[in-house]
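The values are calculated or read from the model by the stated rules, or taken from the named source; none is laboratory data. Because the structure is a prediction, the values reported are computed rather than measured. Here the Cβ positions follow ideal geometry from the backbone for every residue, glycine too, while neighbour counts run over all protein chains shown.
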Amino acid sequence: MYTKSLFRLGLVVVMTLAFSSCKKDKLTDPVIPNEQEIITTLQFTLSPTGGGVDIVMSFIDMDGDGPLAPLVSVSDSLMANTQYTASLVLLNETVNPADSINSEILAEAEEHQFFFIPQGVDVNVAYDDSDLDGMPIGLSTILDTGAPSTGSLTIVLRHLPVKTATGVAQGDITNAGGETDIEASFDVVIE
């Protein structure tokens, strides 16, 4: 009986030492990833360099991946063989007043790039802005139209693209990688 009691006492001492010798991990603040911006509205404004009426392409999607289709509009046709200075404005209109996303994109310019993808329409888009590393962003561009044509222009904003990958700095999305923050496609007519 004495042996059993001694064994139990020894077991209690060993377990107490084992539990008391365990270090408690320091509590650290969790790393919170940079949340993706909420973008409900994309507005692409083109101003003819020789003067004339601005063309506004607008994409509004208030429910994101919800059941409602986005509202897409183009204010007018583009003129053939014309150069336009172009600018993008992105908004989060789920809050009042609407929040401009442009400032966030500029603050994280190295992590963002717009791509302009024409289909069947004779346009060429050149970047007119860059991040601190000299790589393109795309909030400001120069758009040149060619011959009369009809097609579409898709604008894609990528988060964390590989800007040094082949063709990416020239606007080729093929090797860009990253995640799409917003994608908007517009029907375009050049007359």
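Selection of first residues in the range 165-191 that are closer than 23 Å to I60 by Cβ and free of Cβ contacts under 8 Å to residues at least 24 places away in the same chain and of second residues that are part of a loop (DSSP other than H, G, I, E, B) and among the small types (G, A, S), restricted to Cβ pairs under 8 Å at least 6 apart or on distinct chains, gives an empty result. Here is a check on your reading of the model: is T41 hydroxyl-bearing (S, T, Y), within 21 Å of the chain's Cα centre (by Cα) and at pLDDT 95 or above? It is true that T41 is hydroxyl-bearing (S, T, Y), within 21 Å of the chain's Cα centre (by Cα) and at pLDDT 95 or above.
For the range 125-137, the condition holds for at least one residue, the condition being that it is among the hydroxyl-bearing types (S, T, Y) and either under 15 Å from the mean Cα position of the chain (by Cα) or farther than 15 Å from T45 by Cα (or both).
So, T154, is that one surrounded by 14 or more Cβ atoms within 10 Å (Cβ to Cβ) and out of contact with any Cys (no Cβ under 8 Å at 6 or more places or on another chain) or not? Answer is yes for this residue. Only a single item in (1) in a strand (DSSP E or B); (2) crowded, with 19+ Cβ neighbours inside 10 Å is not met by T85, and it is number (2). Screening N81 on (1) closer than 22 Å to T41 by Cα; (2) in contact with a strand residue (DSSP E or B) (Cβ under 9 Å, 6 or more places away or on another chain); (3) modelled with pLDDT of 95 or more shows it passes everything except condition (1).
Quick check on S47: is it at pLDDT 95 or above, under 18 Å from the mean Cα position of the chain (by Cα) and of a type in the set (G, A, S)? No, not satisfied. Would you mind listing the strands (runs of 3 or more DSSP E) fully within the range 107-170 where at least 3 residues are modelled with pLDDT of 95 or more and of a type in the set (A, V, I, L, M)? Output list reads 123-127, 149-159.
May I ask you to list the residues in the range 89-106 that are of a type in the set (A, V, I, L, M), in a helix (DSSP H, G or I) and surrounded by 15 or more Cβ atoms within 10 Å (Cβ to Cβ)? The answer is I105, and nothing else.
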